[in-house]
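Undergrad: One structure, as C-alpha cells, below. Some questions next.
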Amino acid sequence: MKHIFIINPTAGKSDQTKHIAAMVNKIFIEEAVEGTYRIEVTKGVHDATDIARHYAMSNEPVRIYSCGGDGTLNEIVNGIVHHENVELAPVPIGSGNDFVKSFGSQAMDAFLNLKELIKAPARKIDLLEVNGHFSINVINIGLDSSIAQNMVRFKRLPFISGAKAYDISVFYCFLTSIKNHFELIADGIRLPHKNYTFAVMANGQYYGGSYRAAPCSDMQDGLIDLVLIPSVSRLKILQLMNVYKRGEHLQKQYQKIVHYRQCHEVQVEAEHEINVCIDGEIKQLKNPKIIVHQQHLKLIVPSLENKTL
Ligand SMILES: Nc1ncnc2c1ncn2[C@@H]1O[C@H](COP(=O)(O)OP(=O)(O)OP(=O)(O)O)[C@@H](O)[C@H]1O
C-alpha cells in the first residue's frame, strides 16, 4: 500500500508542512511501519485534485491523506471519485474542519493521530453530486451560500477562527437579501414554497464552522438530508440561530419554520444561475440537481467514541 500525504500549506492559521512531514518520517522510518510513502505539498487552488487524480489513475492500492481543511478534502474527493483503488483519510488541519465533526467530540484528536490513522480501517460512505461536482459533506444554497462566500473574506483576518468568521458573515449577509427565489423538487415531488431563506442538502452533519444543520444525517444510508427554511423574517432567523447551531431545529416546536425530509434526489429550479456552496466552495450553477451515490468512497475512520459510523 502506498501512503500519499497531500498537504495544503495555506490551510488553517499557519503552515503545518514541516510538522506533518516530521511526524510522517518518524512513523515510517523510525517505527518501520509497512508500506511506501510520499509527501506532496499543494502549490495552488485545485492542485490537490490533480495530485490525487494522478495517484488514483495508477490503479494501485493507495491511501491518500488530505492534510488541510474541508476545501482540500473536497478537492481530493473530486480527484479520486469512482476509483476503487483509493482510500481517503482526512487530517483536519484547516480552519473549520466541519466534515470530521460528524464523527463525534473525539474526532478531531483521533483524525490528527497519524500513527493510528495509518493503521485504521476504511468504511464506505455516500457522496453527493451536483452537476458533475462531488461533495463529501454539505451542499447549500440561498442565504447560506452568500454567508460562505463572504466568510472567506473574514476568516483570513488575524484572531478570527473559522467559527467566528462564519458568525460575522451571518450578520453581514443578514443585512442584505434574505429572500432567495427558487423552487425545489425532491424525488419528483414539487415542494410548495417559491422563496427560501436557505436549503441544505447534507451527507455530513456540520458546516459553516460548526453549525449542526443535519443532526440526523447518516453517511452510509444512501439518502440526502434536506433541511429547508422557507422565507421568514429576520427576527425569526435571529431567534433560530443558536438552536440551529446546536442542531436542535428539527424538534417539534420549530416545524412551522424548519422543513426536513430525506430523499435520493433534489432538483433546484431558478430563473438564473445560482450560487451553490459545495463543502464550502462556491460554484455558480444553472438548475442544479443534487443526487446521492451510496457508499461510493472508502473513508479511513480511526477508532472513536460517539461516532456515527
Ligand atoms: N499552495 C496553495 N496556495 C494557495 N491556496 C491553496 C494552496 N493549496 C490549496 N489552496 C487552496 O486553499 C483553500 C483553502 O483550503 P482549506 O479549505 O483546506 O483550508 P481552510 O479554509 O483553512 O479550512 P476549512 O475549509 O475547513 O475552514 C482551498 O480552496 C485550496 O484550493
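Undergrad: Contact list please: Cβ distance under 7 Å, first residue in segment 151-176 and farther than 13 Å from residue 69 by Cβ, second residue aromatic (Phe, Trp, Tyr), pairs at least six apart or on different chains.
TA: Partner pairs satisfying both residue conditions: 160/154; 168/154; 169/154.
Undergrad: Output the number of residues of segment 27-49 satisfying the condition of being loosely packed, with under 13 Cβ neighbours inside 10 Å and either of a type in the set (A, V, I, L, M, F, W, C) or assigned to a helix (DSSP H, G or I) (or both).
TA: Looking only at that region, the number is 4.
Matching residues to (1) away from the ligand (no atom under 16 Å from the Cβ); (2) outside the structural domain of residue 165 (by TED's automatic domain parsing); (3) of a type outside the set (A, V, I, L, M):
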| site | (1), (2), (3) |
| --- | --- |
| 200 | yes, no, no |
| 206 | no, no, yes |
| 214 | yes, no, no |
| 229 | yes, no, no |
| 241 | yes, no, no |
| 244 | yes, no, yes |
| 258 | yes, no, no |
| 280 | no, no, yes |
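Undergrad: Can you name the residue in segment 194-210 that is without any contact (Cβ under 8 Å) to a residue 60 or more places away in the chain and not basic (Lys, Arg) and is also surrounded by the fewest Cβ atoms within 10 Å (Cβ to Cβ) among such residues?
TA: Initially, segment 194-210 is screened for residues without any contact (Cβ under 8 Å) to a residue 60 or more places away in the chain, giving 194-198.
Keeping just the survivors that are not basic (Lys, Arg) gives 195-198.
Values: 195: 14, 196: 25, 197: 22, 198: 22.
Ranking the qualifying residues of segment 194-210, first place goes to 195.
Undergrad: Under the condition of being in the same structural domain as residue 49 (by TED's automatic domain parsing) and of a type in the set (S, T, N, Q), which residue from segment 106-134 is farthest from the chain's Cα centre (by Cα)?
TA: Once the filter is applied, the top-ranked residue is 113.
Undergrad: Collect the residues in segment 169-193 that are surrounded by 17 or more Cβ atoms within 10 Å (Cβ to Cβ) and out of contact with any strand residue (DSSP E or B) (no Cβ under 8 Å at 6 or more places or on another chain), keeping them in residue-number order.
TA: Once the filter is applied, which keeps residues that are surrounded by 17 or more Cβ atoms within 10 Å (Cβ to Cβ) and out of contact with any strand residue (DSSP E or B) (no Cβ under 8 Å at 6 or more places or on another chain), segment 169-193 yields 169, 170, 173.
Undergrad: Residues 110, 89: which one is in contact (Cβ under 8 Å) with a residue 60 or more places away in the chain, away from the ligand (no atom under 13 Å from the Cβ) and either part of a helix (DSSP H, G or I) or more than 27 Å from residue 215 (Cβ to Cβ) (or both)?
TA: Working: 89 fails: either part of a helix (DSSP H, G or I) or more than 27 Å from residue 215 (Cβ to Cβ) (or both).
Checking each option against the conditions leaves just 110.
Undergrad: Report yes if residue 203 is within 20 Å of residue 69 (Cα to Cα) and either of a type in the set (Gly, Ala, Ser) or in contact with an Asp or Glu (Cβ under 7 Å, 6 or more places away or on another chain) (or both), otherwise no.
TA: Details: within 20 Å of residue 69 (Cα to Cα): yes; either of a type in the set (Gly, Ala, Ser) or in contact with an Asp or Glu (Cβ under 7 Å, 6 or more places away or on another chain) (or both): yes.
Yes, satisfied.
Undergrad: Report yes if some residue within segment 224-239 is free of Cβ contacts under 8 Å to residues at least 40 places away in the same chain, more than 19 Å from residue 175 (Cα to Cα) and acidic (Asp, Glu); otherwise report no.
TA: Yes, segment 224-239 has at least one match.
The values are calculated or read from the model by the stated rules, or taken from the named source; none is laboratory data. Source: prediction; values computed, not measured. FYI the Cβ positions are ideal-geometry reconstructions off the backbone, even for glycines, and counts take in every protein chain you see.
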